[in-house]
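Visitor: Structure below; questions to follow.
The values are calculated or read from the model by the stated rules, or taken from the named source; none is laboratory data. Since the model is a prediction, treat every value here as computed from it, not as a measurement. FYI the Cβ positions are ideal-geometry reconstructions off the backbone, even for glycines, and counts take in every protein chain you see.
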Ligand code: ZN
């Protein structure tokens, strides 16, 4: 989940802020906005800044200053309030038109649980009152669609203390959704010429030293296990395993592009305070693949990956998305980025041209690239307008070299392949979390754990109800009979609540004429249909993955 807005942390000792405090803070902010007072920026020499905060007894600002040098320190003053701040700021308070303080939370100083817990106030601002109100409405809707709440109500996933934090257990209904997503991915990847592989969940330390995950990525990995005098790590990424599959046999240009796909299970260490439902977890199932190609093949391969993203967006009714081209920062070569200035520029140009040629809307951001190459970050918006980071599509010109991956060229030389890392459906965890909100739990028929519920009006029609269910089941539909001794009205209401896409009501007339009365979630009564006709139409809907 990505949230917009701002926050401010305060050390209030034992004083607890209440909702009323937020109201009076908001009032004060609105008053200050009306005064139209300026924010004045001033550069400060370090010694002077330290003296200022020493006199005020502000240990936090002194802590921040200890990591700053002369020339990096700026103060902002507005009215009687002066603070250490990197900026930038709006020129004056008069530009603030609509503001809302949304919540109070605890936050450790510098996010470290060894430090003191401060009080954090969250807020949001918009250029107009109307936009603010729309945003607040969206938040309210998001609360109703909270994936943790729906996940529980619909039997999608659960968490258990004994299993551990951030390790979701997928319940039978959630597992059906997982399997449908994997089926979609496998079909799509098969069509696009991918080959499937399976790799272990652990690997020896030496592989992660080769890949550079150790030490650069160590903080995000689980601590190692010792076995036969060797250290083994749980995999945080599938790439190194796939590179080893590439290297298992000598390769020639004729083998390229080689596209290796796996729904890989990865384990990442996230601080317990950062864990959040399915959105931030410690075990993830990734729609992963690595494409090994020549420079000449790159543009077409990269475009094909982008097309796959767009195909998926259409299937899931994702209308708003943006692709962000994340580039390196030339000043941080050798530290944050592989020190290959020419390769960076060349690869970034390759990616940029693919995006322009494919007419895909994108923005460029400097200093957000991966360690080993530029990437496309994909942001999507749910049906209620909330933003999610879906996945990245990365180009890698460094790992091939680190793993000594080679292929023979037509003139009998050797060259290193470019590698594309891609995961259009992200991880099951994040994507299903997104889908729960996006569909408000009302999955399209093809994804729905239960597709049809057969509702006999009374026990008299139970036998025919079972015939209907067994015919549907034989045709591949997920179906159950509501055999409870309840009034039909209650059966309908309960199954609506469980968001079953189709209900088939069975009574005297239906039984005598081999028909069913069809009710569609969200559409109500669709009238009587021949049983065979209904079986055909629902199967077509499932086959086409109709997004309704
Ligand atoms: Zn990868």
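Visitor: Of all residues in region 508-546 being within 24 Å of residue 314 (Cβ to Cβ) and surrounded by 15 or more Cβ atoms within 10 Å (Cβ to Cβ), which is nearest to the chain's Cα centre (by Cα)?
Guide: Only one residue tops the list, namely 545.
Visitor: Okay, next question. Within region 268-287, is even one residue closer than 20 Å to residue 403 by Cβ, within 16 Å of the ligand (Cβ to nearest atom) and buried (at least 16 other Cβ atoms within 10 Å of the Cβ)?
Guide: There is at least one residue in region 268-287 that is closer than 20 Å to residue 403 by Cβ, within 16 Å of the ligand (Cβ to nearest atom) and buried (at least 16 other Cβ atoms within 10 Å of the Cβ).
Visitor: Consider residue 249 against the criteria (1) more than 14 Å from the ligand (Cβ to nearest atom); (2) more than 26 Å from residue 221 (Cβ to Cβ); (3) in contact with a strand residue (DSSP E or B) (Cβ under 7 Å, 6 or more places away or on another chain): it satisfies all of them except one. Which criterion is unmet?
Guide: (3)
Visitor: If residue 64 satisfies all but one of (1) within 39 Å of the chain's Cα centre (by Cα); (2) more than 24 Å from residue 115 (Cβ to Cβ); (3) in a helix (DSSP H, G or I); (4) at pLDDT 90 or above, what's the number of the condition it fails?
Guide: In the conditions (1) within 39 Å of the chain's Cα centre (by Cα); (2) more than 24 Å from residue 115 (Cβ to Cβ); (3) in a helix (DSSP H, G or I); (4) at pLDDT 90 or above, residue 64 misses (2) alone.
Visitor: Against the definition (more than 30 Å from residue 315 (Cα to Cα), within 16 Å of the ligand (Cβ to nearest atom), assigned by TED's automatic domain parsing to the domain that holds residue 354 and in a loop (DSSP other than H, G, I, E, B)), how does residue 425 come out, yes or no?
Guide: Judged against the criteria, residue 425 is not a match.
Visitor: Something else: Inside region 158-169, can you point out the residues that are farther than 14 Å from residue 148 by Cβ and in contact (Cβ under 8 Å) with a residue 40 or more places away in the chain?
Guide: Within region 158-169, 164, 167 qualify.
Visitor: Also: State yes or no: is residue 293 surrounded by 15 or more Cβ atoms within 10 Å (Cβ to Cβ), within 16 Å of the ligand (Cβ to nearest atom), assigned by TED's automatic domain parsing to the domain that holds residue 219 and in contact (Cβ under 8 Å) with a residue 40 or more places away in the chain?
Guide: In short, yes.
Visitor: Further question on the same structure: Which residues, counting only those in region 228-239, are away from the ligand (no atom under 11 Å from the Cβ) and either assigned to a helix (DSSP H, G or I) or buried (at least 19 other Cβ atoms within 10 Å of the Cβ) (or both)?
Guide: Hits for region 228-239 are 233, 234.
For (1) under 30 Å from residue 156 (Cβ atoms); (2) surrounded by 18 or more Cβ atoms within 10 Å (Cβ to Cβ); (3) without any contact (Cβ under 8 Å) to a residue 12 or more places away in the chain; (4) assigned by TED's automatic domain parsing to the domain that holds residue 278, each residue gets a yes or a no:
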{"site": "196", "(1), (2), (3), (4)": "yes, no, no, no"}
{"site": "213", "(1), (2), (3), (4)": "no, yes, no, yes"}
{"site": "226", "(1), (2), (3), (4)": "no, no, yes, yes"}
{"site": "241", "(1), (2), (3), (4)": "yes, yes, no, yes"}
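Visitor: In region 387-417, what count of residues is obtained for those that are over 19 Å from residue 307 (Cα atoms), within 16 Å of the ligand (Cβ to nearest atom), outside any helix (DSSP H, G or I) and in contact with a strand residue (DSSP E or B) (Cβ under 6 Å, 6 or more places away or on another chain)?
Guide: Selection size over region 387-417: 3.
Visitor: Pairs only if they're at least six apart or on different chains, beta carbon under 6 angstrom, first in region 381-400 and in contact (Cβ under 8 Å) with a residue 12 or more places away in the chain and within 14 Å of residue 439 (Cα to Cα), second away from the ligand (no atom under 12 Å from the Cβ) and in a strand (DSSP E or B); list them, first residue then second.
Guide: If the second residue must be away from the ligand (no atom under 12 Å from the Cβ) and in a strand (DSSP E or B), the pairs left are 381/387.
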